[in-house]
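First comes the structure, then the notes that go with it.
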Amino acid sequence: MCCHRKHSRRAYDVSKGNNEGSNRARRHLCWSNRLKNKLSVTLCNLGVGATFGESILHDLPRDSTVVTKTTCELLRVEQEDFRLIFEKNKELMNDIISNCKLKNGFGQSMQTTSTIQSGINQQQQQPSPTKKQLSPDHPNPALPITEAPSPAMSRMGWALRTLLVSDNTSCLKDRKVGGKFIRKCAPGTELVDWLLNLSPIVHTRTQAAGMWQALVEEGVLSHVAKEQPFKDKCFLYRFKVDEDGTAGGAPSSDDVSQANDHIREALPGLLHRGPDATLRMILRKPSHERTHEELELVYEELLHIAALSHLSTSIKRELASIIVFEAHAHAGTVLFNQGDEGRSWYILLKGSVDVVIHGKGTVATLKEGDDFGKLALINDAPRAATIVLKENNCHLLRVDKEHFNRILRDVEANTLRLQEHGKDVLILERVAKQRGHSAFKYTVMSGTPQKMLEHLLETRLGGQAGPNDPFLDDFLLTHIVFMPTPILIDELASTYHADTEVDMRTASEEDQEYFMTCKRRVVQFIQRWVLAVRHAVFDDPLAVEFIEEIATDVEQEGVLQEEASIIHHVLTQLSRYQEDRQMNASQKWKLPPNGQPICLFSGNTHSKTVIRPDDDIIFRVYCADHTYCTLRFPMAATAEVIKACAADKLQLARMPEDLLLVEVKSNGERMVYKDNDVSIPTALSLNGRIFVSPKDHLDALTPLPEQELPTEALDMDFEALPTKDVAYHMTLFDWDLFWAVHEYELLYHTFGRHHFNKITSNLDVFIRRFNEIQYWVVTEIVSTSNLTKRMSLVKKFIKLAAFCKEYQNLNAFFAIVMGLSNMAVSRLSQTWDKLPSKFRKLFTEYEALIDPSRNHRAYRMSVGKLQPPVIPFMPLLLKDMTFAHEGNKTSLDGLVNFEKMHMMAQTMRTVRYCRSRHLVLDPPSPKNENEIRQYISCFRTIDNQRVLTAMSQKVEPRRS
């Protein structure tokens, strides 16, 4: 499709008033006849995605002729609709129209890159009186964010270009474009293809594009017209040295060899930078150019920015479309001055800034994660301070005033506040369509516990809720934080027995129906409660008593037949659970001086062994002279009780308040327990010991000599065992540990066990298993003095990681890879050099998968594609829980912050989803089955990093 303009175009006014339509048509006809006699000039060719015809906005005649070149399909917007869209989105539409005019050949001529850049610089140096700040309105994602490339990126650019130029078949060629000769350029698609073939660590086109974008944002590579960031499309790109003419001659064989060596070492670093560069590129794009996938990517990043943690989910989604990235190169640059008009809110991503006030000087220094500039926007007041960049290359996120005000206004418009006695008791937010729960108009943001329960019973039960409604599930999973079970039961009982003071014989039909509905909803709540949290309900005597009471009452109500069936099913589940508990009553556990807790007795050997609060455990407590006593207590025993008993047995003549219960780790670190702590024996680190000590003797506590030795384990040669068999039995063992962990234990761990007086023993043992596998890997490798055998052992561990990944035992997979990445192992250069390249490449791939950058993006993307059963990487789930807890207040203005509960419930649901199907694996050969089971149940480990490093230096001394 072509746009033509005639050479002798003239300006004219469109008549207004009472002119007849025929007159206007006549003028248009005359104009068309006049144009026919003029020469047509093609201004541009419009492709897919282009827009034209915006003159209808102002009732202007067409200023060009549009001619189809091929068969076309178009989308048309009528004038009236177009005007409505424009009025609602003026700023965005103005940008779109201006850009379209420029691209279609109207308005000012296209500026050269240098003119654009100088214009930006001039704008930064000489701000207009109405806008005294440096921030560009629309940062160009095609331009660099640094003034000059860093040495590392310059070197990487040199290495990549050297290999491209030395390859005669490569895509980097001299090309003629639009009549202009361009040296050494290549299409983005071919650069991506080349990079994918260059190294096995680059797996996807998205990864490769991100790596090239990392070079673009530092100016090492650029689009030939400086109009596009890196795209996996047929846009042409070239290296800076080719653009400047400083590339020099053809590379020598030494250059190629050096480039290959550098690529091998530094390419993982470029791979690591790619996702961040892609994110920054998205954040510099105008809002209307961000795709749905890109908006989701930005939104997920915003979830982990502390300055935004107090904002609701809907606000973060809004921010994802309009928040802008900007970078400033020089320390000392003034971002804005005191007294300037407040036009933007900023969040520091990298670097630091000084806050300077007239007459006071620097009053504060803000660092990464801090935000500033919001007050002037909220109050519509001048800036209260000057912001000066303290470091070079500061990165910021910016939200401009008009968007800030609009988002706050929209949020308030979508918020419904319910009040009682002049105070908010429930704050609801209109459900956004993207949440996928359109059955409900509003979801809960915050409220009093009682009002939230009332709202839940009225709107989410009685056949109104789908099986995956988040509010009901979030409430059931997290209520123990803000509404302990006894209070919940009281409220449910009050709702169920709402008819107590009413004579049902004289009540109206409407009242009778209301009271029956209340009873039905409570029964349905019980059903969903048991389904959501399983045996946690049955473990509570108050809950069991309440369920049995409701069951008796329901059976007496003839109209509640369906509810009678529901409650009968719940009672059946309760009965089965109580039978199982009876069979496993009085379980005894032994905590060896080192190693996993061992179950000494269990009545039902076929069931998965869950550690319960009333189970006994036998363990040792030491004093400063390393003498010890052996104690037996329930798992739920407090530190105070253990301390008093141990002091008595060890004959420490001190009052209980003068004593401390302490863990002494193998590295000498001491951790003092609070008196109300529980789960003490199972919470020990790998080689930790429990000590009791007077407060004034705490510094005298030292590790036992045996704590620096490996933990006790079965004496077997790991090298002789089939790798797949070991992975199989490890996965079965780890699955049983994971299965025993209740979702509530994540809450107890995050908020503190003492707040609930509940044990976290099953979670403790599962976390300990991760550390045990990790240090087992390190211990085995640094204990092997023979180089060839040590290399073979590293290879076997990489194969073991591969099998664990295949079995979806990601907890063990992470532990093995992190063990291989431990400093004591990674420094063994002779061992790694001897390793076959196939295994080195595989390990590099695994390291990329466990890369913690961008909040473990690579792992999250990978695990998101898996179907259960999965054994997840538990430390990351606990990190998510901690982030949600520490980054968000539990109570806001006296109301429960339910947004926080939603975030925590999401993580708990992940645990539930991972084990929503039973683990079924094809067993390997039965050879050595019993020996392997015993071997993997308790590994030989040293967890003292100093000792491990010393052992590593002994087997491979540092080269001088």
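The values are calculated or read from the model by the stated rules, or taken from the named source; none is laboratory data. Keep in mind the model is a prediction, meaning the values are calculated, not measured. Cβ: placed from backbone, ideal geometry, glycine included. Neighbour counts: every protein chain shown. Ligands, DNA and RNA are excluded from the accessible area calculation, which covers all protein heavy atoms including side chains. Shrake-Rupley method; radii C 1.70, N 1.55, O 1.52, S 1.80 Å.
List of remarks:
- Per-residue 3J(HN,Hα) values for segment 910-916, derived from phi via the Karplus relation 6.51 cos²θ - 1.76 cosθ + 1.60 with θ = phi - 60°, read 4, 4, 5, 5, 4, 10, 6 Hz in sequence order (x marks Gly and Pro).
- Based on protein heavy atoms only, the chain ends up with 50 Å² per residue of surface accessible to a 1.4 Å probe.
- Theoretical gain in end-to-end length, S253 to E454 [0.36 nm per residue, Cα-Cα removed]: 64.6 nm
- Given charges at Cβ of Lys, Arg, Asp, Glu: segment 587-709 dipole, positive-most of L650, P634, L660: P634
- Compactness relative to 2.2 N^0.38 Å, alpha carbon Rg of segment 772-844: 1.01
- Each Lys and Arg Cβ is given +1 and each Asp and Glu Cβ -1; about its Cα centre, segment 295-411 then shows a dipole of about 240 debye.
- Shape call, segment 295-411: gyration tensor on alpha carbons, a/c limit 1.5: oblate
- Which of H262, H292, H729, positive extreme of dipole for the chain (C-beta unit charges): H262
- Once the Cβ-Cβ distance of Q934 and A381 is raised to the sixth power relative to R0 = 60 Å, the FRET efficiency obtained is 0.25.
- For segment 158-244, size of Cβ-based charge dipole, Lys and Arg +1, Asp and Glu -1, in debye: 300
- The largest-to-smallest principal axis extents of the Cα set in the chain are 109, 96, 68 Å.
- Taking amide H as placed 1.01 Å from N in the peptide plane, the amide H of L221 sits under 5 Å from that of V216, K240, each at least 5 places away or on another chain.
- Cross-link pairs beyond the 31 Å C-alpha cut-off, checked among K789/K841; K367/K838; K316/K805; K231/K834; K367/K695; K838/K927: K367/K838; K316/K805; K231/K834; K367/K695
- Peptide ranges 212-223, 774-785, 367-378, 523-534 listed from the most packed, as the mean C-beta count within 10 angstrom indicates: 212-223, 774-785, 523-534, 367-378
- Residues K805, K674, K889, sorted by accessible area with the largest first, give K889, K674, K805 [1.4 Å probe; ligands and nucleic acids excluded].
- Compactness relative to 2.2 N^0.38 Å, alpha carbon Rg of segment 427-584: 1.09
- Each Lys and Arg Cβ is given +1 and each Asp and Glu Cβ -1; about its Cα centre, the chain then shows a dipole of about 5340 debye.
- V334 - accessible surface, heavy atoms, 1.4 Å probe, Å² rounded to 10: 50
- Multiplying the residue separation of S829 and A148 by 0.36 nm and removing their Cα-Cα distance gives an extension gain of 241.7 nm.
- Over the chain: helical MRE at 222 nm, DSSP H runs n ≥ 4 each giving -39500 (n - 2.57), nearest 500: -15000 deg cm²/dmol
- Dipole axis of segment 427-584 (+1 Lys, Arg; -1 Asp, Glu on Cβ), positive-most option in V537, F482, T552: F482
- Using 0.36 nm per residue and subtracting the Cα-Cα separation, the extra length available between D893 and K695 on full extension is 67.3 nm.
- Heavy-atom accessible area ranking, 1.4 Å probe, most first, across V202, V641: V641, V202
- Of the solvent-accessible surface of the chain, computed with a 1.4 Å probe and all protein chains present, 51% belongs to carbon and sulfur.
- Calculated log₁₀ intensity ratio I(q)/I(0) where the Debye formula runs over C-alpha points of segment 151-284, q = 0.16, 0.23 Å⁻¹: -0.76, -1.69
- Cα gyration tensor, segment 608-715 - rounded (a/c under 1.5), prolate or oblate: oblate
- Solvent-accessible area of D922 with every protein chain in place, 1.4 Å probe, in Å² to the nearest 10: 130
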